[in-house]
1. Which residues' amide hydrogens lie under 5 Å from the amide hydrogen of GLY362, considering only partners 5 or more residues apart or on another chain, with H built in the peptide plane?
2. Please get the size of the charge dipole for region 248-288, origin at its Cα centre, with Cβ charges of +1 on Lys and Arg and -1 on Asp and Glu, quoted in debye to the nearest 20.
3. Spelling out what I want: for every residue of region 476-482, take phi, set θ = phi - 60°, compute 6.51 cos²θ - 1.76 cosθ + 1.60 (Karplus), and round to whole Hz; glycine and proline get x.
4. Taking amide hydrogens as modeled 1.01 Å from N in the peptide plane, which residues meet the under 5 Å criterion relative to LYS353, leaving out close sequence neighbours?
5. Within region 367-447, report the trypsin sites (Lys or Arg not before Pro) that DSSP leaves as loop and that have at most 13 other Cβ atoms within 10 Å.
6. Looking at the P(r) of region 242-295, how many percent of alpha-carbon pairs lie beyond 13 Å?
7. Taking every Cα atom in region 314-428, find the radius of gyration and the maximum pairwise distance Dmax, and write them in Å.
8. In what sequence, highest mean first, do 493-501, 276-284, 326-334 appear when ranked by Cβ atoms within 10 angstrom?
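Derivation of every value follows stated rules applied to the coordinates shown; laboratory data play no part. On a predicted model such as this, the values are computed, not experimentally measured, just so you know. As a convention, Cβ positions derive from the backbone with ideal geometry for all residues, glycine included, and neighbour counts pool all protein chains shown.
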Amino acid sequence: MDPVGVAAAPPEAGPGPAWRSKCPWGAPNTTSISCSLADVMSEQLAKELQLEEENAAFPEVVAVAEGPFITGENVDTSSDLMLAQMLQMEFDREYDAQLRREEKKINGDSKVSISFENYRKVHPYDSDSSEDEVDWQDTRHDPYRADKPTTTPRKGFIGKGKDITTKHDEVVCGRKNTARMENFAPEFQVGDGIGMDLKLSNQVFNALKQHAYSEERRSARLHEKKEHSTAEKAVDPKTRLLLYKMVNSGMLETITGCISTGKESVVFHAYGGKSATEDKVIPPECAIKVFKTTLNEFKNRDKYIKDDYRFKDRFSKLNPRKIIRMWAEKEMHNLTRMQNAGIPCPQVVILKKHVLVMSFIGQDQVPAPKLKDVTLSSEDMKKAYYQVLNMMQQLYKECNLVHADLSEYNMLWHDGKVWLIDVSQSVEPTHPHGLEFLFRDCRNVSQFFQKAGVAEALNERELFNAVSGFNITADNEVDFQAEIEALEKMNEDHVQNHGKKLSMFSSDGDPPIYDE
Ligand code: ADP
Ligand code: MN
């Protein structure tokens with residue numbers, strides 16, 4: 001027994017017995033007896049208070065567990081499951097890193113090397129490359145803004161006289177083959193052929209292609225089970241980790257649950273927290289749109305970007321995972337354009353990979369109703385119509401965008417006005433099918449408001465002219481559509497030949513603004 005230790009202990013606060021601090025053998029065990037009823041009571045009180053506090057601080061644990069994050073039936077343990085899964089993922093990563101270090105140590109500078117590839121926990125297919133870590137919102141510049149479209153010479157060669165280069169040129173062809181390796185499956189390691197100006201002969205390229213495809217099939221077989229299990233959950237572990245980090249960093253207070261599950265995205269509600277930077281304010285309520293990483297879902301969306309010259313360069317270079325992020329990125333940029341034009345729409349909070357956080361349209365976790373679900377007085381309906389007409393014009397003229405999925409499903413009624421959402425597929429009017437998309441939007445809007453009894457509602461052809469500023473006079477749908485396609489074709493040819501879009505597409509010619 002060390003009496004010094006006891007003596008060094010701070011004197012007890014409160015009305016403790018005076019002999020205690022003097023006793024060299026420390027406090028006798030019997031002190032509990034001297035505990036008054038009031039002490040016991042207050043201890044209980046303290047416990048109660050603590051419990052209360054805990055409940056107030058961590059309601060999300062239960063809320064999240066009820067959400068789509070977890071498929072486990074036991075609600076109490078499911079948040080533990082989530083944490084365990086995340087820890088396991090981190091552990092697996094570390095394990096792999098260790099394997100890589102060992103691999104390096106054994107191989108050294110030797111020309112012949114061994115690989116621990118098959119022992120890795122996280123297969124390259126599932127892992128992100130470091131460049132994936134780039135946060136898209138760091139690109140302040142809107143890369144989708146139409147700059148200069150590239151012209152591809154029709155004649156099939158460039159240069160003059162003996163400097164002429166055809167597409168069959170060995171060097172050009174070799175470089176092209178190297179670039180085409182980017183199209184191989186993401187896990188297929190092709191090295192930095194472009195960086196070192198590697199030129200692949202057709203023969204070598206074809207052999208590599210063959211190999212890449214058989215590898216892809218092998219990998220698909222290997223991971224069929226894994227993919228399946230993640231598809232069952234609405235959110236895969238990686239997304240969960242992203243969301244978890246958002247809550248952990250304090251940016252989001254709690255994620256309360258799922259608002260919508262669509263084919264291509266899942267939308268969650270969250271209460272906003274505090275921003276890391278002072279100049280940014282996180283809205284009190286947020287909507288989190290998670291673009292689904294199940295690759296197949298996006299196949300039918302190809303048409304929106306495949307022909308879009310703004311994407312031509314990027315599209316061919318991206319792997320499917322990045323293409324999905326591109327949708328999220330596109331939605332962010334389109335929303336920003338709309339915000340700048342003053343169109344009521346969600347405000348972008350942050351974009352992390354395929355997860356877009358924006359302000360929530362609605363209140364107290366209840367999302368604003370879609371226009372298709374809300375019952376409006378005829379006066380409000382008329383007001384809504386003119387507002388939509390105005391927004392379509394603004395979208396076209398000021399944002400240089402066509403919504404391309406505009407209907408009563410993507411318009412919310414909130415605060416006595418219409419809000420536009422879901423703009424990841426929106427394109428510029430000069431998109432090869434941009435005007436067709438616009439016409440489809442016009443048809444949806446026109447039909448909806450006519451059915452809703454707005455007598456003033458223009459028909460789809462009038463609406464198209466009013467929004468675009470064109471003056472197509474065809475009085476039936478078939479001819480009208482044919483003229484639209486002819487316009488698109490004309491613009492395409494013009495872009496091909498002159499490297500710029502037709503002047504009639506520019507916003508110089510003011511379309512008449514229809515107003516109440
Ligand atoms: P999808 O491509 O799945 O249609 P949406 O962007 O239309 O994606 O979102 C789906 C649903 O989620 C919407 O119909 C709406 O009910 C809800 N939602 C999306 N964004 C928000 C938001 N910012 N505020 C409130 N609800 C939203
Ligand atoms: Mn939608």
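1. ALA368
2. Dipole about the Cα centre, nearest 20: 100 debye.
3. 9, 4, 5, 5, 4, 4, 4
4. It is TRP136, by chain and number.
5. The qualifying sites are LYS372.
6. Result for the distance tail: 60 percent.
7. Spelled out, the Cα radius of gyration and Dmax of region 314-428 are 15.0, 51 Å.
8. Top to bottom by mean Cβ count within 10 Å: 326-334, 493-501, 276-284.
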